[in-house]
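The values are calculated or read from the model by the stated rules, or taken from the named source; none is laboratory data. Remember, predicted model here, so these are calculated numbers, not experimental data. All Cβ positions, even for glycine, are placed from backbone atoms using ideal geometry, and neighbour counts span all protein chains on display.
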């Protein structure tokens, strides 16, 4: 079953640039919605678990669970996209995230931690899908504009991502009027946002960018298209590109999730309310996505490796600042989390461009899905370890360790640059 009728596909093949513009508009709309769903849950997930379990050491478990869930979802979305196109893959992922949000609300109402953990795992599908959408933006982009296409999709998350955390307090108050625990309120927003994102993609992501890109490649090189897929990862250069791109995104994800997850808990322990932690997370999420257009231009103009190196250095600065900032200083913590977001953005855009450059269309979605599995596992590890480390050594030790760990990117980048 194909995503569009042959005549419709033929029409779009005659003007792929126009099709790309339409695809980007639809992806932008879905990312605005899904950004709200993603950020709202991140803001209160750790606090909800802490409230239900009465333990700080397990406060990192929600982040670990929904990032672990995103690992499974990344495989599923990647495989569905590989077989049937981006539209069914992304729409299914967001719908699954909406179901997870409903499960979190139910768990809070009945005060069932086991159900909460299962629901958070399912909720993670939204996170995976939000990231997978960036690949869809690059499917039809020419090589010299791939990073900019990725950045266009990413920056769209900013509006929803900044709005979501700042609605934590109002949605909490709204939830209480429905006799739902206040900390579960943001998941009402998440469920609605993810469901709408799924609907937007299911109805309007036509033509399917991956299927159209394959059709164009087949038309351009009918004899070479199939063999090229088999040779995609047979060379050391291709394997090296996949490994480096994955390493950049995995390490930046691990550091970012670990520090981000425990910042609301750290602020709560120093007397700050949900509104203050929501503001800091909103600034962080904005910094994760808002620089994307600039980052895309930097990656396309100055190269993938230089921006990847800048990612490691920026994350180090974020870790040092977070570690040394007084717990009662919302301003310094917000600045540290902003740097954390920018460093993550540098790593994601440059790493995505490296992967997209390396993997051919015939195996692209499947390989991208597997790379995002590694990213999700890194996030789960960071989220789980963060609570344990803060309980044992404190938040400053966590932040400093994350900053130092990010420097591991530099030797790998240097080795790749030397080899090339």
Inside region 73-98, the number of residues satisfying the requirement of being surrounded by fewer than 22 Cβ atoms within 10 Å (Cβ to Cβ), closer than 27 Å to residue 185 by Cα and without any contact (Cβ under 8 Å) to a residue 60 or more places away in the chain is 0
All conditions in (1) modelled with pLDDT of 75 or more; (2) buried (at least 23 other Cβ atoms within 10 Å of the Cβ); (3) under 16 Å from the mean Cα position of the chain (by Cα) are true of residue 67 except (1)
Any chance region 80-101 includes a residue that's closer than 28 Å to residue 259 by Cβ and out of contact with any helix residue (DSSP H, G or I) (no Cβ under 6 Å at 6 or more places or on another chain)?
-> no
Counting only residues in region 109-134 that are surrounded by fewer than 24 Cβ atoms within 10 Å (Cβ to Cβ) and without any contact (Cβ under 8 Å) to a residue 40 or more places away in the chain, the one nearest to the chain's Cα centre (by Cα) is identified as 118
Residue 197: passes all of (1) at pLDDT 90 or above; (2) part of a helix (DSSP H, G or I); (3) over 23 Å from the mean Cα position of the chain (by Cα) but (3)
Among 230, 278, 240, 271, the single one that is crowded, with 19+ Cβ neighbours inside 10 Å and either more than 30 Å from residue 405 (Cα to Cα) or at pLDDT below 90 (or both) is 278
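Conditions tested, residue by residue: (1) farther than 15 Å from residue 308 by Cβ; (2) at pLDDT below 90; (3) in contact with a helix residue (DSSP H, G or I) (Cβ under 6 Å, 6 or more places away or on another chain).
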{"position": "334", "(1), (2), (3)": "yes, no, yes"}
{"position": "353", "(1), (2), (3)": "no, no, yes"}
{"position": "387", "(1), (2), (3)": "yes, yes, no"}
{"position": "400", "(1), (2), (3)": "yes, no, yes"}
Residue 55 vs (1) closer than 27 Å to residue 273 by Cα; (2) surrounded by 24 or more Cβ atoms within 10 Å (Cβ to Cβ); (3) modelled with pLDDT under 90: all pass except (2)
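Give me the residue from region 315-328 that is crowded, with 21+ Cβ neighbours inside 10 Å and in contact (Cβ under 8 Å) with a residue 60 or more places away in the chain and, out of that set, nearest to residue 347 (Cα to Cα). Reasoning before the result, please.
To start, the set of residues in region 315-328 that are crowded, with 21+ Cβ neighbours inside 10 Å comprises 315-316, 318-319, 322, 325.
Adding the requirement that they be in contact (Cβ under 8 Å) with a residue 60 or more places away in the chain leaves 315-316, 318-319, 322.
Details: 315: 10, 316: 13, 318: 14, 319: 16, 322: 19 Å.
Once the filter is applied, the top-ranked residue is 315.
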Condition set crowded, with 21+ Cβ neighbours inside 10 Å and under 23 Å from residue 21 (Cβ atoms), scope region 156-184, selection nearest to the chain's Cα centre (by Cα): answer is 157
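Any idea which of 303, 296 is farther than 15 Å from residue 252 by Cα and surrounded by fewer than 21 Cβ atoms within 10 Å (Cβ to Cβ)? Walk me through it before giving the result.
Values: 296 fails: surrounded by fewer than 21 Cβ atoms within 10 Å (Cβ to Cβ).
Unique residue meeting the criteria: 303.
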